[in-house]
Amino acid sequence: MNPQMTLTVYILSGAALGSLMLLSGIPAAPLLGSILAAGCLSISGQFEPAQWPMGTKTILGIGVGTVIGTGINRDTLSELQTLWKPAILITFTLILTGLFVGFLVVRLFGIDPLIALLGSAPGGTLGMSLVGAELGVGAAVAAIHAFRLIAVLLITPAFVKYLAPLVGVMMISN
């Protein structure tokens with residue numbers, strides 16, 4: 001199959017499962033569905049790896065960044081007036097934890113430190129994969145972040161849904 005047709009199959013499968021996942025009620029279901037569809041299709045070995053035209057990932061990165069950026073508005077800035085301290089604490093804690101986990105992974109599993117550190121860095125799959133690609137380890141970093149993202153999208157909402165009421169009860173009882 002020619003590369004354009006292969007890429008079209010990947011895009012259509014991602015769009016199909018991403019759209020179907022909307023019915024699941026899972027947060028970020030379209031993202032999760034498209035990752036699962038394209039990943040399973042790729043793993044199946046029935047199709048060659050997708051060959052994205054040059055610049056496509058950059059354009060998609062700009063698109064994702066723009067979508068996220070348009071969510072930042074005056075309300076966001078006013079929220080930051082009260083949330084800047086927790087935001088700083090969370091950011092530094094995630095960075096330090098990522099570094100610690102990265103070094104631990106190198107020590108325990110002997111993998112390339114660059115892969116371990118970028119794979120454990122707190123960041124999105126696309127962003128960290130692009131950084132990894134520029135440093136020659138993009139596929140490995142993308143694999144780690146894709147696994148992490150799928151797990152987080154499946155597990156965290158369930159924990160939040162079931163633990164948030166318990167935290168509220170504990171806060172009230174104190």
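The candidate values were [x] 8.8; [y] 13.5; [z] 10.1; the one computed from these coordinates for mean projected area of the Cα convex hull in nm² carries the label [y].
For the stretch 113-150, list residues with backbone N below 16 Å from a point placed 7 Å from the Cα of Thr91 toward its Cβ? Hits in the stretch 113-150 for Thr91 at 16 Å: 122-124.
Of Thr70, Thr76, Thr93, the residue with the largest accessible area leads and the full order is Thr70, Thr93, Thr76 (1.4 Å probe).
Solvent-accessible area assigned to carbon and sulfur over the chain amounts to 75 percent, based on a 1.4 Å probe. Output the DSSP H helices from the chain with an along-axis C-alpha extent of no less than 18 Å and a mean Kyte-Doolittle hydropathy no less than 1.0. Length and hydropathy pass: 3-21, 29-44, 56-70, 74-109, 138-173. Spin-label pair Leu83-Ala28: with each label point 7 Å from Cα along the Cα-Cβ axis, the two points sit 1.5 nm from one another.
Just by accessible area at a 1.4 angstrom probe, what is the order of Arg148, Arg107 from largest to smallest?
Result, largest first: Arg107, Arg148.
By a 1.4 Å probe calculation restricted to protein chains, Phe47 has an accessible surface near 50 Å², given to the nearest 10. Across the chain, C-alpha contacts under 8 Å between residues 6 or more apart give a mean separation that, scaled by the residue count, equals a relative contact order of 16 percent. Distance between the pseudo-spin-label points of Thr66 and Arg148 (7 Å out from Cα toward the beta carbon): 2.7 nm.
Each label point was placed 7 Å from the Cα along the Cα-to-Cβ direction; for Thr76 and Ala164 their separation is 2.1 nm.
Rounded to the nearest Å, what's the spacing between the alpha carbon centres of the stretch 109-128 and the stretch 52-103? Just the number, please. Answer, in whole Å: 16.
When the charge dipole of the chain is built from unit charges on Cβ atoms (+1 for Lys and Arg, -1 for Asp and Glu) and taken about the Cα centre, the candidate among Ala164, Thr56, Ala151 whose Cα reaches farthest toward its positive end is Ala164.
Counting heavy atoms of the protein chains only and a 1.4 Å probe, report the per residue accessible area for the stretch 18-136 as a whole number of Å².
With the other protein chains kept in place, the stretch 18-136 gives 71 Å² per residue.
The values are calculated or read from the model by the stated rules, or taken from the named source; none is laboratory data. What you see is a predicted model, and the numbers here were worked out from it, not measured in a lab. Heads up, the Cβs are rebuilt from the backbone with ideal geometry, glycines too, and the neighbour counts pull from every protein chain shown. Please note that ligands, DNA and RNA were not included when accessible areas were found on the heavy atoms of the full protein model with its side chains. Shrake-Rupley method; radii C 1.70, N 1.55, O 1.52, S 1.80 Å.
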